[in-house]
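So the structure is just underneath, and the comments pick up after that.
Each reported figure results from applying straightforward, stated rules to the coordinates on display, with no laboratory input. Just so you know, these numbers come straight off a predicted model, no measurement behind them. Note that we place each Cβ from the backbone using ideal geometry, even for glycine, and neighbour counts take in every protein chain shown.
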Amino acid sequence: MRLLVISSAPIVQKDNQNHLYAPYEKEMQLWAKYAHSIQFCCPIWREDKKLLIAPISFEVEKVIELQEFDITSFKNKLKAIPLAFVALVKIFKAMKQADHIHLRCPGNIALLACLIQILFPNKQKTAKYAGNWDPKSQQPWSYRIQKWILSNTFLTRNMQVLVYGEWSNQTKNIKPFFTATYSEEEIGRLGDEETGRRGDDVKFLFVGTLSPGKQPLYAIQSVEALYRQGKKVQIDLYGEGVLRTDLERYITENKLENIITLKGNQSKEAVLKAYQTSHFLILPSKSEGWPKVVAEAMFWGCVPIASPVSCVSFMMGNGSRGIVLKEQLHNDVSQIMNVLNNQEEYKKMASEGQSWSRQFTTDKFEVEIKKLLRG
C-alpha cells in the first residue's frame with residue numbers, strides 16, 4: 001500500500017535528515033508500519049523554529065513540497081492564490097498515485113486536500129481532524145468548511161474521519177478517536193513515582209507552548225494566588241514560545257522566582273518524570289483537539305485543571321477526574337483550594353483519572369490504525 005499523508009505540519013530538514021514534530025513522528029511510526037511506502041505532501045522548513053522535533057525513524061519517499069500561505073487578510077489572500085493553485089496541482093497528482101490518502105486537518109493545506117479528495121471517490125481515505133470538532137464552537141470559516149466537507153457523505157466518500165470526543169447527530173463516516181503516548185509495557189516498566197508527591201509543597205505543572213492560546217500566565221497567576229493565601233506551592237512550566245520574555249518579566253516583578261520555574265523544551269523522559277512527581281497539571285487553553293498533556297498527566301496520577309474546550313470536559317468526566325476551569329481567577333482558585341483541603345477528593349480524582357486514561361495505550365492505538373489502513 002502506498003500511503004500519502006497531506007498536512008500543514010512541516011517536514012524539518014536539519015543536519016541532512018528529515019524531522020517531524022516529535023509527537024507527530026511517534027504517531028506516524030504506526031501508520032508507516034502498515035504501509036509499503038509512505039510519502040508526505042507538506043511544507044518543508046530549513047530550521048526548526050524552536051519546534052520540538054524528532055528525526056523520522058522510518059523510510060519515506062521524496063517529500064512533495066508545498067508552500068505555506070495564509071488567508072487572514074485581503075492582501076494575504078491575493079498572495080495565496082498562485083501558491084494555492086500550485087498546491088492544488090501537486091496534491092491532485094500525488095493523490096492520483098496513492099493507494100490510501102490520509103489528511104491531517106484542519107489547516108489551509110488540508111482545506112485544499114479536502115476539496116481535491118472529492119475527485120477520488122473510490123480511493124481508500126482517512127482524515128484525522130486534530131482540532132476542536134464541537135459543532136457549537138466558534139471557529140474560522142476555513143475550519144467550518146473543512147468540517148462540512150468531511151461530514152458530507154455525498155462529497156466525501158470512502159473516508160473515515162477521526163475526531164476527538166463523542167458528538168451527537170454525526171454522519172456515519174465520523175469516528176470518535178483518541179491519541180496515545182504510553183504502551184502497556186511502559187506502564188509496568190516505568191511504574192509510578194510517588195516520592196515527589198510526599199513533600200509539603202504542592203507541585204503544579206504546565207506543559208505546552210508559551211503562547212497566548214495556551215494562556216501560561218493564567219496558570220502562573222492561579223498558583224500565585226494560592227501562594228498569596230499561604231499555600232506551599234510551586235509550578236514548573238515546560239515549553240517554549242513567544243511569551244517567554246513576558247513571563248520572565250512577570251515572575252521577576254512579582255518576586256515569584258522561588259515558586260515558578262520556566263523549564264523550556266525538555267525530553268519526553270523529563271516531562272514524564274514531571275507528571276509522576278506533580279500533583280496537578282494546569283492547562284487553561286483556549287483551543288484544543290485531544291489535549292495529550294491532559295491524558296498523559298492522568299495516566300500517571302496527576303490531576304488535570306483545564307478549560308472546557310473541545311472534548312476536555314468529557315476526558316475529565318465533567319469534573320470527576322479533574323477540575324474544570326471557569327477562567328474567572330477567584331472562582332478557579334477557590335475550586336483548587338477546595339480540592340487541596342480535601343485529600344480524599346484529590347485521591348479519588350487522581351485514581352479515577354488514571355483508570356480512565358490507561359484505556360488509551362499505544363498498543364490499542366496501533367490496533368485501531370491497522371484496522372483503518374486494512375479496511
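Annotations for the structure displayed:
- Cut-off 13 Å between beta-carbons: net charge of the residues surrounding D99, Lys and Arg +1, Asp and Glu -1: +4
- Legend: ranking of residues L52, L237 from fewest to most surrounding C-beta atoms inside 10 Å; resulting order L52, L237.
- Degrees between helix 343-357 axis and first principal axis of the chain (Cα, 0 to 90, nearest 10): 20
- Of the cross-linked pairs K128/K172; K286/K326; K90/K172; K175/K347; K273/K347; K26/K292, those separated by over 21 Å at the C-alpha level are K90/K172; K175/K347.
- The shape of the range 1-149 comes out rounded: with a ≥ b ≥ c from the C-alpha gyration tensor, a/c is under 1.5.
- Between S73 and K326, the modelled label-to-label distance comes to 3.9 nm, taking each label 7 Å out from Cα in the direction of the beta carbon.
- Charge dipole (the chain, unit charges on Cβ, about Cα centre) - positive-most of Q117, P304, L20: Q117
- Under 20 Å from a label point set 7 Å out along the Cα-to-Cβ vector of Q139, the amide N atoms of the range 312-326 belong to 312-316.
- Based on alpha carbons, the Rg and Dmax found for the chain are 21.5, 64 Å.
- Among F280, I260, L30 - extreme Cα towards positive end, dipole of the chain, charges at beta-carbon: L30
- Going from the residue with the fewest nearby Cβ atoms within 10 Å to the one with the most, E59, E345, E352, E296 rank E59, E345, E352, E296.
- Under 17 Å from K33, Cα to Cα: aspartates and glutamates that are on another chain or at least 8 residues apart: E25, E59, E61, D99, D363, E366, E368
- Label-zone membership for the range 310-337, site W167, 7 angstrom Cα→C-beta point, backbone N under 18 Å: 310-316
- Relative to the longest principal axis of the Cα atoms of the chain, the long axis of helix 362-373 makes an angle of roughly 20 degrees.
- Here the extension length gained between F154 and D246 equals 28.2 nm, from 0.36 nm per residue of separation less the Cα-Cα distance.
- 0 to 90° range, to nearest 10: angle between helix 244-253 axis and the chain longest Cα axis: 10
- Given +1 at the Cβ of Lys and Arg, -1 at the Cβ of Asp and Glu and no other charges, the dipole of the range 187-357 around its Cα centre is 80 debye to the nearest 20.
- Computed over the range 187-357, the P(r) tail beyond 19 angstrom holds 52 percent of alpha carbon pairs.
- Residues C42, C302 arranged by fewest to most Cβ contacts within 10 Å: C42, C302
- Phi angles of the range 161-177 translate, via the Karplus equation with coefficients 6.51, -1.76, 1.60 and θ = phi - 60°, into HN-Hα couplings of 9, 8, 10, 8, x, 10, 10, 7, 6, 9, 6, 5, 8, 8, 10, x, 9 Hz per residue; Gly and Pro are given as x.
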